[in-house]
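Student: This structure is in structure tokens; I'll ask about it shortly.
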Amino acid sequence: MEAAKTSRDKYRKYCSSLVPTPALNAIGARFPPELLARLMQSVPPRHCQMKKDSHDLGRLALACRYWAAHFQPVIFEEINLSSSNHVYELLSLMDSPLSRIAGYIKRLRLSQKRRNASPWLHLVSLKLVPKLSLESREPIWLSFRDAAVTPGLRSIHDGLPRAHPSFSAQISRVTLDKIALNSLAGLVHLVDEMPSMQAFECYVLTWPDQVLLPRRRRIPPRLSNVYMIDCTDNSACVDILTGTRRKGRGEETTSLDFGLDREQQAIVSKILRAFMHGIHLCGITLDNVPGARYNKITGDRGNRPGAQLSFILPTITPQIEVIAIDIQRYTTDRQGSSINDWKRLNNVCEHLPPLLQKLVVGFISQEDMSIFIHQVANSKLDNLRKAGKLMYAVSRKTKSSFEWLRASPDSEELTETGLSQEDLWKV
């Protein structure tokens with residue numbers, strides 16, 4: 001009898017746990033908004049991977065209805081898909097009469113990982129995207145991995161039953177990883193077929209050394225970030241960003257149409273190639289200087305010495321007005337620096353435009369500045385030096401970053417500028 005009573009009590013307790021408890025909703029609502037916001041910020045990750053994350057993250061939303069109303073938009077803001085099964089699983093969730101998931105999804109991350117998998121990317125365009133309200137800025141991110149792509153990739157439509165231009169028109173970011181290409185021209189063709197592309201990352205791509213590119217290209221109007229890591233020639237990111245800009249929708253010109261003539265474009269190309277040659281990680285970023293009528297082209301060498309080189313161009317009269325070279329992480333030869341970095345900097349200075357208004361060079365110490373003046377400035381930059389167009393700065397570490405101090409080769413005194421690391425060109 002006692003055992004039977006215990007079993008009934010356990011069963012009654014189990015059943016009571018299945019009954020909705022209104023008090024739980026009230027308890028959830030008692031959390032201060034600031035605390036709930038902190039909880040939502042800590043949700044790992046900020047995108048839902050259909051197979052891995054949906055159950056774990058869903059437990060937060062199941063705590064109570066109040067939490068569900070607040071956590072579901074965060075959980076489903078970004079969705080990871082990597083197969084046709086994931087697409088159909090998501091469609092099934094969305095088709096429920098009580099589901100609001102479709103309204104929460106703002107960005108899709110698509111990853112093609114298996115070469116022999118049945119084609120599925122076209123399903124995103126045909127079945128999924130029409131039911132969503134994706135954000136207009138960065139709606140779809142796409143990545144191809146080595147095992148997923150046959151050699152000679154030239155189009156994102158390769159392997160699909162047919163091309164879907166409406167799909168490629170919504171892709172904003174693309175990542176390629178460990179892919180053997182037939183040519184650099186094939187890579188350029190892939191970029192040009194995606195008019196909404198903004199960022200392009202390439203890891204360990206290979207192609208034959210011979211480079212034959214089309215003379216006239218119309219590149220995506222807002223393509224502003226290209227990075228190459230351990231590819232056959234990382235300076236090819238210059239080629240990817242070279243061409244005529246397509247006009248954006250409803251715009252006469254785009255924000256990244258700098259309008260440089262061929263001669264100045266050639267100067268930018270030569271300087272960037274000299275700056276990036278032989279470096280395992282290179283990138284180029286194009287943007288507008290906030291609060292100023294200038295455009296900015298930045299070459300990035302990751303954590304290498306001479307990490308960044310920037311061109312500053314006025315928006316009214318497109319020409320190279322200022323060049324800033326941030327070599328603040330540079331170390332002297334006594335500390336193990338490679339002499340090739342000095343030679344690379346020499347090559348950069350050989351291609352400076354004749355009408356340059358200012359060249360600013362930033363260092364980590366006055367000692368490094370003295371070495372640069374002796375080995376580079378006095379022999380390569382005499383005209384700029386005599387015209388007073390050669391400026392120097394030394395970095396000083398702050399609590400969170402670096403700031404620039406104006407320096408002079410004729411004085412030990414350093415002058416505070418209040419300029420942050422990205423504002424070296426203003427020194």
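Student: Looking only at segment 101-111, decide whether some residue is at negative phi, modelled with pLDDT under 85 and exposed (fewer than 13 other Cβ atoms within 10 Å of the Cβ).
Tutor: The initial filter retains those residues of segment 101-111 that are at negative phi, namely 101-111.
Checking the rest, the ones that are also modelled with pLDDT under 85 come to 101.
Adding the requirement that they be exposed (fewer than 13 other Cβ atoms within 10 Å of the Cβ) leaves none.
No, that holds for no residue.
Student: Go through (1) among the hydrophobic types (A, V, I, L, M, F, W, C); (2) modelled with pLDDT of 85 or more; (3) part of a loop (DSSP other than H, G, I, E, B) one by one and return the number of the condition LEU153 breaks.
Tutor: Answer for LEU153: the failing condition is (2).
Student: Looking at this structure, is TYR88 at pLDDT 85 or above and part of a helix (DSSP H, G or I)? Quick ask: steps written out before the conclusion?
Tutor: Values: at pLDDT 85 or above: yes; part of a helix (DSSP H, G or I): yes.
So TYR88 fits the description; yes.
Student: Within the set of pairs 6 or more residues apart or between chains, which connect a residue that is among the aromatic types (Phe, Trp, Tyr) inside segment 72-89 to a residue that is buried (at least 16 other Cβ atoms within 10 Å of the Cβ) and part of a strand (DSSP E or B) with Cβ atoms less than 6 Å apart?
Tutor: PHE76/CYS48
Student: Can you tell me which of SER235, SER269 is at pLDDT 85 or above, surrounded by 20 or more Cβ atoms within 10 Å (Cβ to Cβ) and hydroxyl-bearing (Ser, Thr, Tyr)? Quick ask: steps written out before the conclusion?
Tutor: Working: SER269 fails: surrounded by 20 or more Cβ atoms within 10 Å (Cβ to Cβ).
Within the list SER235, SER269, the selection yields SER235.
Student: Next question, about the same structure. Can we say LYS296 is farther than 23 Å from VAL226 by Cβ and at pLDDT 80 or above?
Tutor: Details: farther than 23 Å from VAL226 by Cβ: no; at pLDDT 80 or above: yes.
No; evaluated as a whole, the condition is false for this residue.
Student: Every residue in segment 385-408 that is closer than 19 Å to LEU355 by Cβ and either surrounded by fewer than 19 Cβ atoms within 10 Å (Cβ to Cβ) or in contact with a helix residue (DSSP H, G or I) (Cβ under 8 Å, 6 or more places away or on another chain) (or both), please.
Tutor: Quick first cut of segment 385-408, residues closer than 19 Å to LEU355 by Cβ only: 385-391.
ARG385, LYS386, ALA387, GLY388, LYS389, LEU390 - these are the residues of segment 385-408 that are closer than 19 Å to LEU355 by Cβ and either surrounded by fewer than 19 Cβ atoms within 10 Å (Cβ to Cβ) or in contact with a helix residue (DSSP H, G or I) (Cβ under 8 Å, 6 or more places away or on another chain) (or both).
Student: To continue, here is another question. Restricting the search to segment 205-218, which residues are modelled with pLDDT of 85 or more and surrounded by fewer than 20 Cβ atoms within 10 Å (Cβ to Cβ)?
Tutor: Keep residues of segment 205-218 that are modelled with pLDDT of 85 or more, which gives 205-208.
If the condition is that a residue be modelled with pLDDT of 85 or more and surrounded by fewer than 20 Cβ atoms within 10 Å (Cβ to Cβ), then THR206, PRO208 are the ones that fit.
Student: Applying the selection to segment 206-241, what residues are more than 11 Å from SER183 (Cβ to Cβ), part of a loop (DSSP other than H, G, I, E, B) and charged (D, E, K, R)?
Tutor: ARG215, ARG216, ARG217, ARG222, ASP230, ASP233
The values are calculated or read from the model by the stated rules, or taken from the named source; none is laboratory data. What you are looking at is a predicted structure, and each value in this text was computed from that prediction instead of being measured. Ideal geometry is used to build each Cβ from the backbone, glycine not excepted, and the neighbour counts take in all protein chains shown.
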